[in-house]
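*Asks:* The structure follows.
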Amino acid sequence: MDQQTWTPDRILKTSGAYWATCALHGAVALDVFTRIGDIRVGGQRVAEQLDAPVDAVSRLLDALAAMGLLTKDEGGYANTEASRTYLSMDSDRYIGYIIQHHHHLVESWAKLPEAILTGKPIRLPVREKGTNAREAFLMGMFNLATQLAPRLVPVVDLSGCTRLLDLGGGPGTYAIHFCRHNPDLTATVMDLPTTLPFAQKTIRNMGMGDRVAFISGDYLQDAIPGSYDAVWMSHILHGESKKDCLRIIKLAFECLIPGGVVVIHEFILDDSLDRPLFPALFSLNMLLGTEGGRAYSQAQLAGMLETAGFVDVHRLDFTGTNDSGLVRGVKPT
């Protein structure tokens, strides 16, 4: 957030900003934007599709119009270009799954004071939740990675690499994009068994079944089979304590061949830990949902890599969505 003066008006707008957030969440949960599609429809038609009271539905549609996510005239409501592109399931650029995941976090954020006073998480890990919540999380990660990968992948030099391990890679989105960008590369995604159906579907739908494989495993419990010349870890360390992060990084070190590279992708805090805003807030989100997870600074990530034995540790020139960044290290030859 910028450093402008905090006035009562700004404080109140920040306090009530979740109203608009919940309107968006509700519209995505009800699939309003897909239902409207490419035409202009009246509130009555949307209400009939939802089997809901027309007055309640119309209030939601009016709020979405006020937010600029719909347009309204005498003929009814229509999607904007942005809502049609990003919020309709008929679009290949749909990001609704990550919005559904955000919705599943709301209840825990409402209990933040309790988490602060106890220092303990108050929501279940995603792997222990139902199928819908797991799908929203995993496909939400797919949404974000699909949007970011075209810009990120060219920054990561994997020239000369032929075997990539995508550790905790979920549905395998980054592994797929790295293979597309590097013709000689094959990839293995290692994640929990509950992730397998989502990964298989994603890999198959993107036509990469011959180059991207999936192995089931828990990087906190299991050894990593095989050897690799590159390990990619995207947004997994923030879910773990520093002790467990170091254990994971040591596993990556052990499965790499000499001269192999590791690249960490995280929401990275400044070394002062009080900025940028999103990683600072994200660290609170990890308090709500994990025993030891948090956002880490560049110095903390680099220190863990060096402790594990990596050399030439440095941050790559890249800033992604919500101040994500890349830290790279090399296993000595």
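*Asks:* Using a cut-off of 13 Å between alpha-carbon atoms, which aspartates and glutamates can reach Lys250, once sequence neighbours fewer than 8 places away in the same chain are excluded?
*Replies:* Counting by Cα, and skipping residues close in sequence, Lys250 has these aspartates and glutamates nearby: Asp222, Glu306.
*Asks:* Something else now. May I ask for the angle, rounded to the nearest 10°, between helix 131-152 and the longest principal axis of the chain, with both axes built from Cα atoms and the value confined to 0 to 90°?
*Replies:* 70
*Asks:* At 1.4 Å probe size, put Glu266, Glu107 in order of accessible surface, largest to smallest.
*Replies:* Result of the area sort, largest leading: Glu107, Glu266.
*Asks:* Moving to a separate point now. What percentages make up the Cα-Cα pair-distance distribution of the stretch 222-313 when the bins are 5 Å wide from 0?
*Replies:* In order of increasing distance, the bins hold 3, 14, 24, 25, 17, 10, 6, 2 percent.
*Asks:* Pick from Ile95, Ile122, Ile39: which residue has the top mean-square fluctuation in a GNM of the chain where Cα pairs under 10 Å get a spring?
*Replies:* In this elastic network of the chain, the residue with the biggest mean-square fluctuation among Ile95, Ile122, Ile39 is Ile39.
*Asks:* Given the protein chains as shown and a 1.4 Å probe, how many square angstrom of Ser58 are accessible, to the nearest 10?
*Replies:* Roughly 30 Å² of Ser58 is accessible to a 1.4 Å probe.
*Asks:* Given contacts defined as C-alpha pairs under 8 Å and at least six residues apart, what's the relative contact order of the stretch 64-115, whole-number percent?
*Replies:* Relative contact order for the stretch 64-115 comes out at 16 percent.
*Asks:* To the nearest 10 square angstrom, how much accessible area does Glu291 have with a 1.4 angstrom probe?
*Replies:* 140
*Asks:* Name the most mobile residue of Asn182, Asn285, Asn132, meaning the one with the largest mean-square fluctuation, in a Gaussian network model of the chain with Cα contacts below 10 Å.
*Replies:* Maximum fluctuation in the GNM of the chain, among the listed residues, is at Asn132.
*Asks:* Determine which lysines satisfy two conditions relative to Lys72: a Cα distance under 29 Å, and not lying fewer than 8 residues away in the same chain.
*Replies:* Candidates past the 8-residue exclusion: Lys13.
*Asks:* With all protein chains present and a 1.4 Å probe, how do Arg93, Arg204 order by accessible area, largest first?
*Replies:* Result, largest first: Arg204, Arg93.
*Asks:* I would also like to ask the following. Pop out the carbon and sulfur fraction of the accessible area of the chain as a percent, whole number, probe 1.4 Å.
*Replies:* Of all accessible area on the chain, carbon and sulfur atoms account for 54 percent.
*Asks:* What ranking of His25, His104, His235 comes out by heavy-atom accessible area, probe 1.4 Å, highest first?
*Replies:* The residues order as His104, His235, His25, largest area first.
*Asks:* May I pose another question? What is the Cα radius of gyration of the stretch 143-221 over 2.2 N^0.38 Å, N being its residue count?
*Replies:* Against the empirical 2.2 N^0.38 Å value, I get 1.02 for the stretch 143-221.
*Asks:* Take the cross-link list Lys129/Lys201; Lys111/Lys201; Lys111/Lys243; Lys120/Lys243; Lys242/Lys331; Lys120/Lys242 and give me the ones stretching past 24 Å between alpha-carbons.
*Replies:* Long pairs (Cα-Cα over 24 Å): Lys111/Lys201; Lys111/Lys243.
*Asks:* A follow-up question, please. What does the net charge come to around Glu81 if you take all other residues with beta carbon closer than 12 Å to its beta carbon, with K and R at +1 and D and E at -1?
*Replies:* +1
*Asks:* How much area per residue is accessible in the stretch 34-91 when the probe is 1.4 Å and only protein heavy atoms are counted (Å²)?
*Replies:* The answer is 56 Å² per residue.
*Asks:* Separate question: Answer rounded, prolate or oblate for the stretch 282-321, using the Cα gyration tensor with square roots of eigenvalues a ≥ b ≥ c: rounded when a/c is under 1.5, else prolate when a/b is larger than b/c, else oblate.
*Replies:* Oblate, because a/c is 1.5 or more while a/b does not exceed b/c.
*Asks:* Continuing with the same structure: Let's test the formula: R0 of 56 Å, r as the Cβ-Cβ distance of Trp19 and Leu220. What FRET efficiency results, to the nearest 0.05?
*Replies:* The computed FRET efficiency comes out at 0.90.
*Asks:* Sum -39500 (n - 2.57) across every DSSP H segment of at least 4 residues in the chain, then divide by the residue count to get the 222 nm mean residue ellipticity, nearest 500.
*Replies:* Theoretical 222 nm ellipticity from helices: -14000 deg cm²/dmol.
*Asks:* Rg and Dmax of the chain over Cα atoms: what are they, in angstrom?
*Replies:* 21.6, 70
*Asks:* What is the extension gain from Thr321 to Glu107, computed as 0.36 nm multiplied by their sequence separation minus the C-alpha to C-alpha distance, in nm to one decimal?
*Replies:* Fully extending the segment from Thr321 to Glu107 adds 74.6 nm.
*Asks:* Can you tell me the accessible area per residue over the stretch 214-289, all protein chains present, probe 1.4 angstrom, in square angstrom?
*Replies:* Counting only protein heavy atoms, the per-residue value for the stretch 214-289 is 39 Å².
The values are calculated or read from the model by the stated rules, or taken from the named source; none is laboratory data. Just so it is clear, the structure is predicted and the values come from calculations on it, not from any experiment. Don't worry about glycine lacking a Cβ; one is built from the backbone with ideal geometry, like all the others, and counts go over all protein chains shown. In case anyone asks, the SASA skips ligands and DNA or RNA and just uses the protein heavy atoms, side chains included. Shrake-Rupley method; radii C 1.70, N 1.55, O 1.52, S 1.80 Å.
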